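The values are calculated or read from the model by the stated rules, or taken from the named source; none is laboratory data. The model shown is predicted, which means the values in this text are computed figures rather than measured ones. Cβ placement follows ideal geometry from the backbone for every residue including glycine, while neighbour counts extend to all protein chains displayed. Please note that ligands, DNA and RNA were not included when accessible areas were found on the heavy atoms of the full protein model with its side chains. Shrake-Rupley method; radii C 1.70, N 1.55, O 1.52, S 1.80 Å.
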Amino acid sequence: MNKQEFDSFFKPYAQNVDQANSLAFWKLSDALVKAIIQKHIPTNLESDKVVLDAGGGTGRWVRELSAVYKSKFVVYDLSEDMLMKAQKNIQEGNVEDRVRLVQGDLTDMHAIDSESIDHAVSIYSPFSFIDQPEKAAAELFRILKKDGVLLVMGHGYYNAIASKINNYAAAPDELRRLDANMKVKWAPHVPELGVFSKESMEELFNNAGFKTVATYGVPVFAQPGPEDFDPSNAKMSRVSKALENPEFFNEVFHLEMRHNNRPEVANRGMNIFTVVRK
């Protein structure tokens, strides 16, 4: 992805992305992500520990996690527009003294010292935007301390195929390219993105030196409607309307968490969320 394409996508995206979880589908997805993170990174982290958000964008997730963890944080992102929004979010969350913002490419994290990070997350698929994910995986291995846990997300390969067939009735040539190249183009304004299976994500990080702990699909059963991708967040899909019912929301959440890391189920995931340890 070239710089012009990158900037043209993330400049407007930075203005609206934090409002996405006003829709109940994304609230469900967020709840799953939080539960998985807290399952693998202990919530009793000491205040001198450091958690990195790789591709942390607007800092929304660091602001959320700072309410759970008393550790320090690093938000690392390539987009200046996203980090400008992160600065505001961190200030509004009154956690400036615990958060460092760093602009840079995940494939060359020279601003981060080797073995200086205790744990790391990469949420909502920054890895799908990277042309050379093996370099980013190697960099994350370098900066993590021994026994450090990394939770990393990428768009799901099998879900992309299913969505392109069922929601888009995509042309045969597009389906063949997606299958062969593991790249998907969701919309004209969205860059072509890498997609991952459970197996390809695990292989990527195993090759970098990590050991796989678990892989989840997020979500595996609930599927967004087209309205859930409305840039203005003004529309609401049928599933988001249904998830406004707390009883339905809770049952779907428990079904997701009961099954989403089963090997035969994880590949259903809209996103693949892999947990590895150094």
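Restricting to the stretch 69-102, name every residue that is open to solvent by 60 Å² or more (accessible area, probe 1.4 Å) and farther than 25 Å from ARG142 by Cα.
Scanning the stretch 69-102 gives MET84, GLN87, LYS88, GLN91, GLU92, ASN94, GLU96, ASP97.
Which one is farthest from ILE41 (Cα to Cα), of the residues in the stretch 110-125 that are open to solvent by less than 20 Å² (accessible area, probe 1.4 Å) and not polar (S, T, N, Q)?
Just the residues of the stretch 110-125 that are open to solvent by less than 20 Å² (accessible area, probe 1.4 Å), to begin with: 112, 117-118, 120-123, 125.
The next check asks that each one be not polar (S, T, N, Q); those that pass are 112, 117-118, 120-121, 123.
Working: ILE112: 21, ILE117: 13, ASP118: 10, ALA120: 9, VAL121: 10, ILE123: 14 Å.
By that ranking, first place goes to ILE112.
I'm trying to understand the selection: among the residues of the stretch 64-122, which are in contact with a Lys or Arg (Cβ under 7 Å, 6 or more places away or on another chain), of a type outside the set (A, V, I, L, M, F, W, C), within 20 Å of LYS34 (Cα to Cα) and not in a helix (DSSP H, G or I)?
Residues satisfying the conditions are SER66, SER71, LYS72, GLY93, ASP118.
Which is charged (D, E, K, R), without any contact (Cβ under 8 Å) to a residue 40 or more places away in the chain and within 19 Å of TYR124 (Cα to Cα), of LYS185, LYS164?
LYS185
Could we say that LYS72 is of a type in the set (Lys, Arg) and modelled with pLDDT under 95 here?
No, not satisfied.
If you take the residues of the stretch 162-188 that are among the aliphatic types (A, V, I, L, M), within 21 Å of the chain's Cα centre (by Cα) and open to solvent by less than 50 Å² (accessible area, probe 1.4 Å), which of them is nearest to GLN223 (Cα to Cα)?
Of the residues in the stretch 162-188, the ones among the aliphatic types (A, V, I, L, M) are 162, 165, 169-171, 175, 178, 180, 182, 184, 187.
Next, from what is left, pick out any that are within 21 Å of the chain's Cα centre (by Cα): 162, 178, 182, 184, 187.
Imposing the further condition that a residue be open to solvent by less than 50 Å² (accessible area, probe 1.4 Å) reduces the set to 162, 178, 184, 187.
On the way: ALA162: 11, LEU178: 20, VAL184: 18, ALA187: 18 Å.
So the residue we want is ALA162.
Which one of these does ASP105 not meet: (1) surrounded by 19 or more Cβ atoms within 10 Å (Cβ to Cβ); (2) within 20 Å of PHE196 (Cβ to Cβ)?
So the condition that ASP105 fails would be (1).
Could you tell me whether any residue of the stretch 55-63 is touching a helix residue (DSSP H, G or I) at 6+ places or on another chain (Cβ under 6 Å), part of a strand (DSSP E or B), buried (at least 24 other Cβ atoms within 10 Å of the Cβ) and not aromatic (Phe, Trp, Tyr)?
No, there is no match, as no residue in the stretch 55-63 is touching a helix residue (DSSP H, G or I) at 6+ places or on another chain (Cβ under 6 Å), part of a strand (DSSP E or B), buried (at least 24 other Cβ atoms within 10 Å of the Cβ) and not aromatic (Phe, Trp, Tyr).
Filter the stretch 231-278 down to the residues that are surrounded by fewer than 16 Cβ atoms within 10 Å (Cβ to Cβ), free of Cβ contacts under 8 Å to residues at least 60 places away in the same chain and within 22 Å of LYS211 (Cβ to Cβ) and list them by number.
Hits for the stretch 231-278 are ARG262, GLU264.
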